[in-house]
1. Based on other C-beta atoms within 10 Å, arrange A:Glu46, A:Glu89, A:Glu58 from fewest to most.
2. At q = 0.23 Å⁻¹, what is the log10 ratio I(q)/I(0) for region A:12-73, with the Debye formula run over Cα points and no solvent?
3. Volume per residue, Å³, of the convex hull around the alpha-carbon atoms of chain B?
4. Straight-line reach only, C-alpha to C-alpha below 17 angstrom: list the lysines that A:Lys98 could link to, leaving out same-chain residues fewer than 8 apart.
5. If Rh is defined by the Kirkwood formula over all Cα pairs and Rg also comes from Cα, what ratio Rg/Rh do you get for chain A?
6. Label 7 Å along Cα→Cβ of A:Asn77; region A:13-34 residues with amide nitrogen under 20 Å?
7. Limiting things to C-alpha atoms, what are the Rg and the maximum Cα-Cα separation (Dmax) for the protein assembly as shown, in angstroms?
8. Taking the Cα centre of chain B as origin and charging only Cβ (+1 Lys, Arg; -1 Asp, Glu), how large is the dipole, in debye to the nearest 20?
Amino acid sequence: QVQLVESGGGVVQPGGSLRLACVASGFSFSTSGMHWVRQAPGKGLEWVAFIGHEGTGEQYGDSVKGRFTVSRDNSENTLFLQMDSLRAEDTAVYSCAKDVFYYFDHWGQGTLVTVSS
Amino acid sequence: SALTQPRSVSGSPGQSVTISCTGTSSDVGSYEYVSWFQHHPPKAPKLMIYYVNKRPSGVPDRFSGSKSGNTASLTISGLQAEDEADYYCSSYADRYFVFGTGTKVTVL
């Protein structure tokens, strides 16, 4: 079955960086677009980024554009999110999700990122 | 900007509830790419409806979706205790995606 497992979350100071990873199994990762979505404490879901199956066609939400970079390693079935210039408002649970032509059909449980001094 | 959903809806077992999801002509109104997710934190969200009204295999037919203009809707018929959860809509919007504000469904 499809499994998506995120890692790399933790506590980081404002202005700092963090790199998240999402290891995929149970499906053809190299032929699937992938997303990052986040949920701040007590808030709703927010789309963060998308990357095409070949590692191109990146798209970003306005709140992270220019600070976050999505990438992938198809040989390792792994999706990444490099987060730089982190702000308090980036505090959230970050989840990866598998794309099927404009919808998210499977999600991971997420990893918590806390930006605090 | 986030799609607008009611903060909460409730119903007794066996009743029907409908959750609205209001966007704009740039998202919900322009694309047939509306999805609905059920979320029991801290579990992963579960896809319930895609392409406005399509159900993935394994999702009960009590769940149905529709759209009219800039507003999409999710209806849960024959409400059951396990349906109590947070529900989010989502829409594609020309090179980005937008989610709804979320609705808490309570089974009385």
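Taken together, the values in this text are just the output of simple stated rules run on the coordinates, not laboratory data. The model shown is predicted, which means the values in this text are computed figures rather than measured ones. Here the Cβ is made from the backbone with ideal geometry for all residues, glycine too, and neighbour counts use every protein chain on show.
1. By the 10 Å Cβ count, ascending, the order reads A:Glu89, A:Glu58, A:Glu46.
2. -1.11
3. Here the figure is 93 Å³ per residue.
4. By straight Cα distance, A:Lys98 reaches B:Lys43, B:Lys46.
5. Working: Rg = 13.2 Å, Rh = 14.0 Å.
Result: Rg/Rh = 0.94.
6. Residues A:20-34 qualify, since their backbone N sits under 20 Å from the label point.
7. When restricted to Cα atoms, the protein assembly as shown yields Rg and Dmax of 17.2, 51 Å.
8. Values: 9 positive and 8 negative charges, 13 e Å.
Approximately 60 debye in magnitude.
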